[in-house]
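Q: First, the structure itself, so that you have it in front of you.
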Number of protein chains: 2
Amino acid sequence: MNTLEHTYLYQEIHEQPQVLRNTLAREAQVIKDLAGVINQQDISQVVIAARGTSDNVGRYAKYLLGAANGFSVGLAAPSLFTIYNRKPRLKNALVLGISQSGQSPDIIAVLQDARQQGALTVSITNDTHSPLAEVAAYTVDMNAGPEKSVAATKTYTASLLAVAMLSTALNGSQQQWDELAAIPQAVSQTLELDAAALEAAARWRFADRCVVIGRGFNYATAFELALKLKELTYIVAEPYSPADLLHGPFAIVERDFPVLLIAPRGAMLPNINRLLEELHQAGADSLIISDDPATLALGDARLALPWSVPEWLSPITAIIAGQLFALRLTATKKLNIDQPRGLHKVTRTH
Amino acid sequence: MNTLEHTYLYQEIHEQPQVLRNTLAREAQVIKDLAGVINQQDISQVVIAARGTSDNVGRYAKYLLGAANGFSVGLAAPSLFTIYNRKPRLKNALVLGISQSGQSPDIIAVLQDARQQGALTVSITNDTHSPLAEVAAYTVDMNAGPEKSVAATKTYTASLLAVAMLSTALNGSQQQWDELAAIPQAVSQTLELDAAALEAAARWRFADRCVVIGRGFNYATAFELALKLKELTYIVAEPYSPADLLHGPFAIVERDFPVLLIAPRGAMLPNINRLLEELHQAGADSLIISDDPATLALGDARLALPWSVPEWLSPITAIIAGQLFALRLTATKKLNIDQPRGLHKVTRTH
């Protein structure tokens with residue numbers, strides 16, 4: 001009998017504290033070496049090549065390496081390399097390829113060309129023998145072990161952690177290393193949200209469209225949670241920052257429109273709260289992921305993060321709450337948890 | 001009586017040939033001057049700050065300035081400047097702010113900071129006396145005249161044209177200037193798709209979710225058409241490249257799921273056609289915008305572009321077909337054409 005607890009997805013979600021401990025312990029040295037090389041070079045920009053869940057890691061890197069390290073970070077357009085065969089200049093760039101399998105030809109092509117141009121190439125992957133790892137000058141291992149569920153969970157948080165470690169190694173701040181060391185424990189605590197996730201899932205049983213709101217560091221969380229909802233529950237979930245939503249898409253929000261808000265404490269919270277007010281005026285039904293009691297009280301439903309972490313690390317705990325919600329909603333909707341329709345674990349795009 | 005032909009949106013869609021003629025004639029000199037400055041400097045990257053429709057112009061610029069001019073182009077994260085107050089290094093960058101109104105504080109803040117850092121700043125705006133124009137070293141005028149409909153149309157194509165002119169001026173190719181000169185006529189011809197748009201709109205009367213597919217130069221078109229559909233018809237429309245769709249979101253595609261494909265002739269067409277096959281296998285219902293008869297024949301419904309332009313300029317004609325479809329679908333759904341719910345013409349975000 002395939003009970004929920006026996007699904008790969010459930011198990012992989014719950015493996016995350018151990019995976020993160022492994023990444024912290026095993027990758028610190030290579031990341032410090034890499035940071036030393038970066039700090040010696042005249043790197044003017046960071047370019048990230050990734051797809052799907054890994055692209056959302058790229059969104060986190062864009063904000064963190066921008067805010068904490070002053071890099072201008074862009075997401076690559078792989079089709080320039082693979083279809084138009086016209087290659088942007090990347091000589092003074094750090095080019096970062098992120099891929100669980102390390103197999104997607106378009107991502108490999110970007111790294112290959114970047115290396116030929118003399119750029120510093122780095123891969124973050126769960127397979128250190130993959131073609132992506134082979135083409136990169138430096139490789140960070142996700143240390144997640146085999147990921148068998150089609151919907152990625154542990155490789156996402158391991159990759160977020162790797163990016164956060166790189167940012168910290170570049171700054172050399174001991175306080176940040178201490179904050180990183182507390183993350184596996186914070187994730188363990190956050191996994192206790194499972195009962196609340198089940199309750200929230202019951203409310204969303206018949207949702208078939210929604211928007212997911214996050215900004216700044218948690219812009220990535222909005223994209224990743226929207227992707228989990230699409231992959232697992234087939235809800236057409238649109239991710240937005242408040243600013244992006246207000247510049248047009250807000251029109252889709254009607255009475256009873258379901259909205260999910262990623263709203264942990266930090267500099268971004270007032271911005272999210274102002275939007276929440278406008279959403280409620282439009283009649284939206286809100287589900288809030290937050291560790292701020294006042295914000296949680298404003299929601300129609302809530303997942304109260306039981307453990308507060310600094311805002312720059314909050315994407316790691318916030319997505320745990322989102323993963324549990326997506327898992328429980330998939331079960332509530334009686335859908336296939338480990339093998340969503342139309343998807344394969346390794347996707348090779350050109 | 002407010003018949004369709006008397007709406008601002010209808011009129012502004014039909015003003016586009018003249019607007020584009022004006023932009024071609026009046027902005028060529030400032031764009032050539034700007035290209036001269038760019039070619040003299042050691043510009044290593046282009047950073048674009050924009051929201052909503054203008055952000056989709058940024059997506060076009062990312063591909064065109066990458067493919068034709070070798071620039072690595074990134075979209076800025078304005079919240080780094082306005083909320084986290086941590087500013088990425090932009091010294092050797094060309095920083096391009098795009099905004100119809102030139103009023104949004106977050107976009108102005110990015111340009112302001114870039115200029116202080118010594119970056120080359122450029123604005124593309126419909127108000128050359130706006131705060132955005134004042135802060136930029138160079139300003140390109142959209143020449144669109146007042147845009148009164150909340151949903152932007154003529155300012156979008158004028159901005160695309162400005163970007164295409166900049167790319168051409170940087171290369172100095174007479175062939176490209178000739179191709180640009182033919183665009184107003186191509187747009188005039190494309191406006192004759194109105195009857196076909198009405199027919200396609202009837203088929204989509206009850207659609208409430210969809211995906212819009214485009215890649216490469218027309219990745220921008222997918223985003224812009226999805227935005228028009230959300231603003232005007234309240235359809236939850238998700239834009240994707242084929243590669244992005246396959247890395248997860250494909251799961252939402254079920255029997256009868258409406259899919260809109262931007263598929264003009266060019267290097268990207270085989271990639272789009274392969275996806276179309278997979279979409280049909282999943283039971284999707286397709287509406288195709290193309291000038292390729294074989295591709296059009298594969299669709300369940302179609303908007304046959306009557307005039308072929310080179311692929312790098314096809315986003316300008318492809319979105320005309322999309323605008324007509326969105327207009328006709330809004331009328332078919334009996335919704336407000338010029339004043340969608342919840343939106344204002346000028347959106348000021350921080």
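The values are calculated or read from the model by the stated rules, or taken from the named source; none is laboratory data. Keep in mind that this is a model prediction, so the values were computed, not measured. We place every Cβ from the backbone using ideal geometry, glycine too, and count neighbours over all the protein chains shown. Surface accessibility is based on the protein's heavy atoms, side chains included, excluding ligands, DNA and RNA. Shrake-Rupley method; radii C 1.70, N 1.55, O 1.52, S 1.80 Å.
Q: Name the residue, out of B:ASN271, B:ASN126, B:ASN85, whose mean-square fluctuation peaks in a Gaussian network model built on chain B with Cα pairs under 10 Å.
A: Largest GNM mean-square fluctuation: B:ASN85.
Q: Classify segment A:4-180 as rounded, prolate or oblate from the Cα gyration tensor: take a ≥ b ≥ c as the square roots of its eigenvalues, call it rounded if a/c is under 1.5, otherwise prolate when a/b beats b/c and oblate if not.
A: oblate
Q: Okay, moving on. So which trypsin sites (Lys or Arg not before Pro) in segment B:245-350 are both in a DSSP loop and have at most 12 other Cβ atoms within 10 Å of their Cβ?
A: B:ARG255, B:LYS334
Q: Please report, for the Cα atoms of the protein assembly as shown, the Rg to one decimal and the Dmax as a whole number; what are they, in angstrom?
A: 23.7, 73
Q: Next question. For segment A:186-332, what is the accessible area per residue in Å² when the probe is 1.4 Å?
A: 28
Q: Once you sort the root eigenvalues of the Cα gyration tensor of segment A:108-260 as a ≥ b ≥ c, which label holds: rounded (a/c under 1.5), prolate (a/b larger than b/c) or oblate (the other case)? Walk me through the numbers on the way to the answer.
A: Values: a/c = 1.86, a/b = 1.59, b/c = 1.17.
The shape class here is prolate.
Q: Here is a further query. If you place +1 on the Cβ of every Lys and Arg and -1 on the Cβ of every Asp and Glu, how big does the dipole about the Cα centre of chain B come out, in debye to the nearest 20? Write down the numbers at each step before the final one.
A: Working: 29 positive and 33 negative charges, 160 e Å.
That gives chain B a dipole magnitude of about 760 debye.
Q: Given label points at 7 Å from Cα along Cα→Cβ, what nm distances, shortest first, separate A:GLN116 from the same residue in every other copy?
A: Distances to the matching label points in the other copies: 4.2 nm.
Q: Dipole size in debye (nearest 20) for segment A:209-350 around its Cα centre, Lys and Arg Cβ +1, Asp and Glu Cβ -1?
A: It works out to roughly 580 debye.
Q: Now, a different point. Counting only protein heavy atoms and rolling a 1.4 Å probe, how much accessible area do B and A lose on contact, total for both sides, in Å² to 100? Please report the intermediate quantities before stating the final value.
A: On the way: alone 14290 and 14300 Å², together 23090 Å².
Between B and A, the summed buried area is about 5500 Å².
Q: Then there is this: Work out the mean other chain Cβ neighbour count within 10 Å for the residues of B:46-58 and drop it here as an integer.
A: Per residue, the number of nearby Cβ atoms from other chains is 2 on average.
Q: With Cβ to Cβ distances under 13 Å as the rule, what net charge do the other residues near A:TYR63 carry (K, R +1; D, E -1)?
A: Value of the local net charge: +4.
Q: Pairs A:LYS62/B:LYS230; A:LYS228/A:LYS334; A:LYS230/A:LYS345; A:LYS228/B:LYS228; B:LYS154/B:LYS228; A:LYS62/B:LYS87: which exceed 18 Å Cα-Cα? It would help to have the intermediate numbers written out before the result.
A: Numbers: A:LYS62/B:LYS230 27 Å; A:LYS228/A:LYS334 16 Å; A:LYS230/A:LYS345 15 Å; A:LYS228/B:LYS228 25 Å; B:LYS154/B:LYS228 13 Å; A:LYS62/B:LYS87 12 Å.
Over 18 Å apart, Cα to Cα: A:LYS62/B:LYS230; A:LYS228/B:LYS228.
Q: In nm, one decimal, shortest first: how far is the label point of B:ASN39 (7 Å from Cα along Cα to beta carbon) from the matching points in the other copies?
A: 4.2
Q: In addition: With every protein chain left in place, what is the accessible area per residue of segment B:1-85 in square angstrom, probe 1.4 Å?
A: On a per-residue basis, 36 Å².
Q: Among the chymotrypsin sites (Phe, Trp or Tyr not before Pro) within segment B:199-279, which fall in a DSSP loop and have no more than 16 other Cβ atoms within 10 Å of their own Cβ?
A: B:PHE206
Q: Could I ask something else about it? Would you give the gap between the C-alpha center of segment B:137-154 and the C-alpha center of segment A:260-285, rounded to a whole Å?
A: Between the Cα centres of segment B:137-154 and segment A:260-285 lies a distance of 31 Å.
Q: Counting other Cβ atoms within 10 Å, keep those with at most 13, restrict to DSSP loop, and tell me which trypsin sites (Lys or Arg not before Pro) in segment B:25-131 are left.
A: B:LYS91
Q: Taking the alpha-carbon centroid of each part, what is the distance from segment A:108-134 to segment B:167-210 in angstrom?
A: So the two Cα centres are separated by 38 Å.
Q: Then there is this: Sort shortest first the distances from B:VAL346 to its counterpart in every other copy, using label points 7 Å along the Cα-to-beta-carbon line, and give them in nm.
A: Spacings between copies for this position, smallest first, are 5.5 nm.
Q: Right, something else. Return the carbon/sulfur percentage of the accessible area of the protein assembly as shown, one whole number, probe 1.4 Å, all protein chains in place.
A: Percent of accessible area from carbon and sulfur atoms in the protein assembly as shown: 47.
Q: A further question follows. In whole Å, largest first, what are the principal axis extents of the Cα atoms in chain B?
A: That gives 53, 46, 42 Å along the principal axes, largest extent first.
Q: Given points 7 Å out from each Cα along the Cα-Cβ axis, report the A:ALA195 to A:HIS6 separation in nanometres with one decimal.
A: 2.5
Q: Okay, moving on. Which of the listed residues, B:MET268, B:LEU324, B:LEU287, is farthest toward the dipole's positive end in segment B:186-332, when Lys, Arg count +1 and Asp, Glu count -1 at the beta-carbon?
A: B:LEU324
Q: Further question: Restricting to DSSP H runs of at least four residues, report the calculated mean residue ellipticity at 222 nm for chain B, -39500 (n - 2.57) per run over all residues, nearest 500 deg cm²/dmol.
A: Rounded to the nearest 500, the figure is -14500 deg cm²/dmol.
Q: With charges set only on the Cβ (+1 for Lys and Arg, -1 for Asp and Glu), what does the dipole of the protein assembly as shown come to about its Cα centre, in debye to the nearest 20?
A: In total the dipole reaches around 280 debye.
Q: Within 10 Å of each Cβ in A:231-242, how many Cβ atoms from other chains are there, averaged over the peptide?
A: Mean partner-chain Cβ count within 10 Å for A:231-242: 4.
Q: Further question: Mind checking which chain B residue has its Cβ closest to the axis relating B to A, and how many whole Å off it is?
A: Output: B:GLY74, 1.
Q: Taking chain B as a Gaussian network, Cα atoms linked when under 10 Å apart, which of B:ILE31, B:ILE107, B:ILE43 shows the biggest mean-square fluctuation?
A: Greatest mean-square fluctuation among the candidates belongs to B:ILE43.
Q: Now for a separate question. From the Cα trace of segment B:186-332, what convex hull volume per residue do you get, rounded to a whole Å³?
A: Per-residue hull volume (Cα only) is 89 Å³.
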